[in-house]
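Take a look at the structure below.
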Amino acid sequence: MDNIFFDPKQLKSCGKNVIIGKTVRIRYPELVEIGDNVIIDDFTYISTAMNIMDNVHIASGCKIIGGKEATVTMESFSTLAPNVVLAAGSDDYIAGIATPMVPLEFKGEVVLGDIFIGRHCIVGANSTVLPNVTFEVGASVGAQSLVKDNLSEWSLYGGVPARKLKDRDGKKIEELEKEFLRSLDV
């Protein structure tokens, strides 16, 4: 029997000031890199390769899936709200066995692809992001949205499927980032 708990020493890398909840599960810790000042809240499950940059928050109940063949990247100052699903792997459920317990030749049409969440991106509560999606810098999506296409920089999206709702103030957010980083050098 495999134990899905993990030893933090097995992580590919882990920065300083990192908080990982006691009930977080990481299936392949050797494929996960974590930067500085990161919080991963309880009841989060990660079963894919992952690169988490600095100043990232993953709220409780998130599922980040895709297996060893896909990678999820979260750049600095990005956030996942509670119960987000980042599905870097999926299948069509039409003509194959839909379980990770069988080899690929017995599955239907399997889609594996990376998910990239840029700087200052936010994924709203209970949203789902499908394989091969890029959030450009500052792109964000509101709660209960389905993201199946790339999102443009400094834009707010929402809905099923997600569509652009309005622009975000990228200049102001980047000014605040600089001010914040300067405050750390005091």
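FRET efficiency for the pair V102 and F43, taken as 1/(1 + (r/R0)^6) with r the Cβ-Cβ distance and R0 = 22 Å, rounds to 0.20. When only Cα pairs below 8 angstrom with a gap of at least 6 residues are kept, segment 47-186 shows a relative contact order of 17 percent.
Counting only trypsin sites (Lys or Arg not before Pro) that DSSP places in a loop and that have at most 10 other Cβ atoms within 10 Å, the longest clean stretch of the chain runs over 23-186. Residue exposure proxy: V147, V85, V72, ordered by other Cβ atoms within 10 angstrom of their Cβ from fewest to most, comes out as V85, V72, V147. Just add up the charged neighbours of A162: K/R +1, D/E -1, any other residue whose Cβ is under 11 Å from the Cβ of A162. Cβ neighbours under 11 Å give a net charge of +2. Computed on segment 14-59, with alpha-carbon pairs under 8 angstrom and 6+ residues apart, the relative contact order is 41 percent. For the chain, adding -39500 (n - 2.57) for each run of n ≥ 4 DSSP H residues and dividing by the number of residues yields -2500 deg cm²/dmol at 222 nm.
Using r as the Cβ-Cβ distance of S60 and E109, and R0 as 30 Å, what FRET efficiency do you calculate, to the nearest 0.05?
After rounding, the FRET efficiency stands at 0.40.
For C14, the amide hydrogen comes within under 5 Å of the amide hydrogens of I34, counting only partners 5 or more places away or on other chains and with H modelled in the peptide plane. Here is the size of segment 1-85 from its Cα atoms: Rg then Dmax, 11.4, 37 Å. For the chain, the calculated P(r), taken from all Cα-Cα distances in 5 Å bins from zero up to the bin holding the longest distance, is 2, 8, 15, 21, 19, 15, 11, 5, 2, 1, 0, 0, 0 percent.
Summarising the label geometry, the points placed 7 Å from Cα in the beta-carbon direction at L165 and Q144 lie 1.2 nm from one another. Annotation for segment 1-71: chymotrypsin sites (Phe, Trp or Tyr not before Pro) lying in DSSP loop with at most 13 further Cβ atoms inside 10 Å of their Cβ are F5.
On a full-extension model of 0.36 nm per residue, what is the gain between I94 and K172, subtracting their alpha-carbon distance, rounded to one decimal in nm?
That pair, I94 and K172, stretches by 23.4 nm at full extension.
Based on the Cβ-Cβ distance from L184 to K22, what FRET efficiency comes out when R0 is 35 Å, to the nearest 0.05? Plugging the Cβ-Cβ distance into 1/(1 + (r/R0)^6) gives 0.80. Determine the sum of side-chain charges near V85: Lys and Arg each +1, Asp and Glu each -1, restricted to other residues whose C-beta is under 13 angstrom from that of V85. Summing Lys and Arg as +1 and Asp and Glu as -1 gives +2.
Per-residue extension of 0.36 nm, minus the Cα-Cα distance of E33 and N126, leaves a gain of 31.0 nm for this segment. Cross-link reach is defined here as a Cα-Cα straight distance under 19 Å, omitting same-chain residues fewer than 8 places apart; for K164 the aspartates and glutamates meeting it are E136, D149, E153. Scalar couplings 3J(HN,Hα) for segment 31-39, obtained by applying the Karplus form with A = 6.51, B = -1.76, C = 1.60 to θ = phi - 60°, are 10, 10, 10, 10, x, 8, 6, 10, 10 Hz; x denotes Gly and Pro. Of the GluC sites (Glu not before Pro) found in segment 56-118, those that fall in a DSSP loop while having at most 15 other beta-carbon atoms within 10 Å are E109.
None of the figures in this text is laboratory data; all of them are computed from the coordinates on show. Keep in mind it's a predicted model, so treat the numbers as computed, not measured. Here the Cβ is made from the backbone with ideal geometry for all residues, glycine too, and neighbour counts use every protein chain on show.
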